[in-house]
């Protein structure tokens, strides 16, 4: 018998989505820095902000999953 | 190309997932004792208080207990500060120590004031002689208590006042011409960061000065509360910025500032989008109107979810020790908790920055001067 809840599956799916999103951001940032190394600092700070936005969506899902679980 | 790689990734993930699930189910059939051991982790809250068995450990309950607001502030072991309870009922105000709400075993007890009060799942309710909740009387109960979050807010306000007032006094004494000293030199780059990276690019150099006090206030308030929340013992430990009421208050202030400072062209772009066909204008107006409210709501939820999730993450890693019931689990749990703590330091700063930046962006959108060209193009920049 599997012990657990649907909430964990939901949180896992959200993590997949966020992983793809952050991966795309990282890819874009690295490509941008490779093309224009002098803009590295600006690209990096924008990357972090964009990653935080993506991460926030995954964290919404974590909170929803936790509340649904509790 | 990207879509295909994502698709194959999803297929792989699901096949791995179903494979793991299958083996787990198969293993569970053969080794029933192992499953029951793991099952002890699952919710066992059949009894409200008292008869909890030794060894029963409810992860969800423990974590939620640590991130929620409380009437006492835990220090160490069995020592905690009992904060005052302030209640308003139909018989007027009443103040007593929260110590009276718990007995010597730290279980909720009935306190006989104007009514009989008892803690029910962290909330103060009025109970009758039999110990049942009196719903009608409880509806008139207003809880203005100095809870853990309120006390922690006082601490952070005190720290902010000491730090910022001393920096301000240094500017008054020596002016802006001489090099900054002490705390002043610590605060100056942060304040300049908020001005040059947050306010001016989003609001514009001309109007930024007017909104700087507001932006600096929310930035430092969120930052200090995020940092205090990361400290696991006394001066910190309260989950203030992971409390939805706190983030809602900040979001409401952003909402008020944005909408009060909004100019005519902002409202025009909401209710009657220029440069569109009239049918499109009718279609866009409700969407834009919803956008006015969703912006602060997203601010509220973003900060709340990020900080709460960070606390939950650290707590669940620490809970691993209690789940596995061996001190050796800490060899993995503690380094991971430290690692997550480091990420949380970054997140604490990042969320303060993002909240401030988005607030500045919304203010900038509301106060922007639009120069209508001949085509009435809505796209700027």
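Sticking with the crude label model, points 7 Å out along Cα→Cβ, report the distance from residue B:217 to residue A:53 in nm, one decimal please.
2.8
For the range B:223-381, what relative contact order do you get, as a whole percent, if you take Cα pairs closer than 8 Å and at least 6 residues apart?
On the way: 138 pairs, mean separation 52.3, N = 159.
So the answer I get is 33 percent.
Return, for the Cα atoms of the range A:6-69, the radius of gyration and Dmax in Å, separated by a comma.
Looking at the range A:6-69, its Cα Rg and Dmax stand at 14.7, 48 Å.
Any idea what diffusion coefficient the range B:149-367 gets from Stokes-Einstein, in µm²/s, Kirkwood Rh on alpha carbon pairs, 20 °C, 1.002 mPa s?
Numbers: Rh = 19.7 Å.
It diffuses with D of about 109 µm²/s by this estimate.
In what sequence, highest mean first, do B:240-253, B:278-291 appear when ranked by Cβ atoms within 10 angstrom? Present the calculation step by step, with values, prior to reporting the outcome.
On the way: B:240-253: 20.4, B:278-291: 12.1.
With the highest mean Cβ count within 10 Å placed first, the list reads B:240-253, B:278-291.
Output the relative contact order of the range B:70-146, whole-number percent, from Cα pairs under 8 angstrom with separation of 6+ residues.
Details: 128 pairs, mean separation 22.1, N = 77.
It rounds to 29 percent for the range B:70-146.
What FRET efficiency comes out for the pair residue B:370/residue B:65, r = Cβ-Cβ distance, R0 = 60 Å, nearest 0.05?
Working: r = 51 Å, r/R0 = 0.86.
It comes to 0.70.
What do you get for the angle between helix A:40-69 and the principal long axis of chain A? Use alpha-carbon atoms, 0 to 90 degrees, nearest ten.
Taking the Cα atoms of chain A, the angle to A:40-69 is about 0 degrees.
With r defined as the distance between the Cβ atoms of residue B:268 and residue B:97 and R0 fixed at 60 Å, what FRET efficiency is calculated, to the nearest 0.05?
0.60
If you average the sequence gap of Cα pairs under 8 Å that are 6 or more apart and divide by the length of the range A:6-69, what percent do you get for the contact order?
Working: 38 pairs, mean separation 35.9, N = 64.
Relative contact order for the range A:6-69 comes out at 56 percent.
Between residue A:15 and residue B:324, what is the label-point separation in nm under the 7 Å Cα-to-beta-carbon projection?
1.7
Using a 7 Å offset from Cα along Cα-Cβ at residue B:159, what residues in the range B:204-226 end up with backbone N under 18 Å from the label point?
Correct set: B:216-226.
If I model a spin label as a point 7 Å beyond the Cα along the Cα-Cβ vector, how far apart are those points for residue B:259 and residue B:79 in nm?
4.9
If packing is taken as the average count of other Cβ atoms within 10 Å, what order do B:303-313, B:107-117 fall into, highest mean first? Working shown, then result.
On the way: B:303-313: 23.8, B:107-117: 16.5.
Answer by packing, highest mean first, reads B:303-313, B:107-117.
To the nearest 0.05, how large is the calculated FRET efficiency for residue A:6 and residue B:278 if R₀ is 41 Å and r is the Cβ-Cβ distance? The partial results should precede the final answer.
Details: r = 47 Å, r/R0 = 1.14.
My answer for the efficiency is 0.30.
What does the extension gain come out to for residue B:110 and residue B:190, with contour length at 0.36 nm per residue minus their alpha carbon separation?
Using 0.36 nm per residue and subtracting the Cα-Cα distance, I get 23.9 nm.
If you average the alpha carbon positions of the range B:157-179 and of the range B:58-131, how far apart do those two centres end up, in angstrom?
40
Is there a simple number for the mean count of other chain Cβ atoms within 10 Å of the Cβ of residues in B:305-311, and what is it? Intermediate results must be reported in sequence, preceding the final value.
Values: counts 10, 7, 1, 5, 9, 1, 0.
Counting Cβ atoms of other protein chains within 10 Å of each residue's Cβ and averaging gives 5.
Given 5 Å bins starting at zero, what is the percent of C-alpha pairs of the range B:280-353 in each, up to the one with the largest pair distance?
For the range B:280-353, the binned pair fractions read 3, 14, 17, 13, 11, 10, 8, 7, 6, 4, 3, 2, 1 percent.
The numbers here are math on the coordinates, done by the rules we state, and not lab data. Everything numeric in this text was worked out from a predicted model, so none of it was measured. Every residue, glycine as well, gets a Cβ built from its backbone with ideal geometry; the counts of neighbours run over all protein chains shown.
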